[in-house]
Amino acid sequence: MSSPTIGVLALQGNVREHLAALTASGATAVPVRRAGELDAVDGLVLPGGESTTMSKLLDAFELLDPLRARLRAGMPAYGSCAGMILLADEILDGRPDQHQLGGLDVVVRRNAFGRQVDSFETDLSFAGLPGDPVHAVFIRAPWVEKAGGAVEVLAAVPHVDVAGDAAGRPVAVRQGPVLATSFHPELTGDRRVHGLFVDMVRAAA
Ligand code: GLN
């Protein structure tokens, strides 16, 4: 499959940026708002935005069960920031009524970098991505507080002074066909994380 069809969950958040990054990485990128559109994709990106809002919209658009079913059936998925929160099996500091899609055996802490600190940026080494470190932009981001045995940690916050409590926290993980990052590669013009996900979708097809 040279050009897999990859959806971007288009209920809220950074949809356009992911569509552009996927297209630049060789995928046919389409927005997904309905169950019928979900049926037609080989993989799905869950963008950053606000996980509590997306959770409500998943209900309103009747996407919660179809999406859970596709994830259980092994559809490749990539969640960035709020998307990581949605994919996590468990969250800390979430709203009690917010839904988890599940499929990623991690506990994430929502807004872990602090509510005041809107943005934190650092360079990360990212396992499996050749070349320079990845410049990571965090926006009211979660981090991974606990990861199950089947979860591979691909990147963690480096032990630099500005990192504070975030130092050493995993911020990019993979479990089989599911990839998640706390940060937003769609905002930096570095296509390597999207390239990795497109390769994962090709490999799963
Ligand atoms: N804090 C947001 C949430 O809880 C995530 C922020 C983001 O996606 N940039 O969903």
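The values are calculated or read from the model by the stated rules, or taken from the named source; none is laboratory data. Model, not experiment: these values are computed from the prediction. Positions of Cβ are generated from backbone atoms using ideal geometry, with glycine treated the same way; all protein chains shown enter the neighbour counts. Side chains are part of the model used for accessible areas, which takes the heavy atoms of the whole protein and leaves out ligands, DNA and RNA. Shrake-Rupley method; radii C 1.70, N 1.55, O 1.52, S 1.80 Å.
Restricted to strands (runs of 3 or more DSSP E) entirely inside segment 144-205, those with at least 1 residues that are of a type outside the set (Ser, Thr, Tyr) and within 16 Å of the ligand (Cβ to nearest atom) are 170-175, 178-181. Among residues of segment 70-84 that are within 13 Å of Pro4 (Cβ to Cβ), those with a beta-carbon under 8 Å from a residue that is in a loop (DSSP other than H, G, I, E, B) and open to solvent by less than 10 Å² (accessible area, probe 1.4 Å) at least six positions away or on a different chain give the pairs Met75/Val41.
Residue by residue, here is whether (1) more than 16 Å from the ligand (Cβ to nearest atom); (2) farther than 24 Å from Val151 by Cβ; (3) surrounded by fewer than 24 Cβ atoms within 10 Å (Cβ to Cβ) holds:
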site: Leu19; (1), (2), (3): yes, yes, yes
site: Asp42; (1), (2), (3): yes, no, yes
site: Gly48; (1), (2), (3): no, no, no
site: Ala60; (1), (2), (3): yes, yes, yes
site: Gly79; (1), (2), (3): no, no, no
site: Gly83; (1), (2), (3): no, no, no
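Segment 9-83 holds strands (runs of 3 or more DSSP E) entirely within its bounds, and those carrying 2 or more residues that are over 13 Å from the mean Cα position of the chain (by Cα) and farther than 20 Å from Leu104 by Cα map to 28-32. Looking only at segment 116-126, count how many residues are surrounded by 12 or more Cβ atoms within 10 Å (Cβ to Cβ) and closer than 21 Å to Asp190 by Cβ. Residues that pass the stated criteria total 7.
Taken over segment 88-105, residues that are within 15 Å of the ligand (Cβ to nearest atom) and either out of contact with any helix residue (DSSP H, G or I) (no Cβ under 8 Å at 6 or more places or on another chain) or assigned to a loop (DSSP other than H, G, I, E, B) (or both) amount to 12.
Checking each residue in segment 148-176 for being touching a Leu at 6+ places or on another chain (Cβ under 9 Å) and open to solvent by 50 Å² or more (accessible area, probe 1.4 Å) picks out only Arg174. If you go through segment 106-143 and keep only what is of a type in the set (A, V, I, L, M) and more than 16 Å from the ligand (Cβ to nearest atom), you end up with Leu124, Ala127, Leu129, Val134. Report whether or not Pro133 is surrounded by fewer than 16 Cβ atoms within 10 Å (Cβ to Cβ) and in contact with a Phe, Trp or Tyr (Cβ under 8 Å, 6 or more places away or on another chain). For Pro133, the condition - surrounded by fewer than 16 Cβ atoms within 10 Å (Cβ to Cβ) and in contact with a Phe, Trp or Tyr (Cβ under 8 Å, 6 or more places away or on another chain) - is met.
Return yes when Gly74 is in contact with a Leu (Cβ under 7 Å, 6 or more places away or on another chain), at positive phi and not β-branched (Val, Ile, Thr) and no when it is not. It is false that Gly74 is in contact with a Leu (Cβ under 7 Å, 6 or more places away or on another chain), at positive phi and not β-branched (Val, Ile, Thr).
Considering the conditions (1) crowded, with 18+ Cβ neighbours inside 10 Å; (2) modelled with pLDDT of 95 or more, Phe113 is excluded by exactly one of them, (2).
Scanning segment 21-40 for residues that are of a type in the set (Gly, Ala, Ser), open to solvent by 30 Å² or more (accessible area, probe 1.4 Å) and without any contact (Cβ under 8 Å) to a residue 60 or more places away in the chain gives Ala35, Gly36, Ala40.
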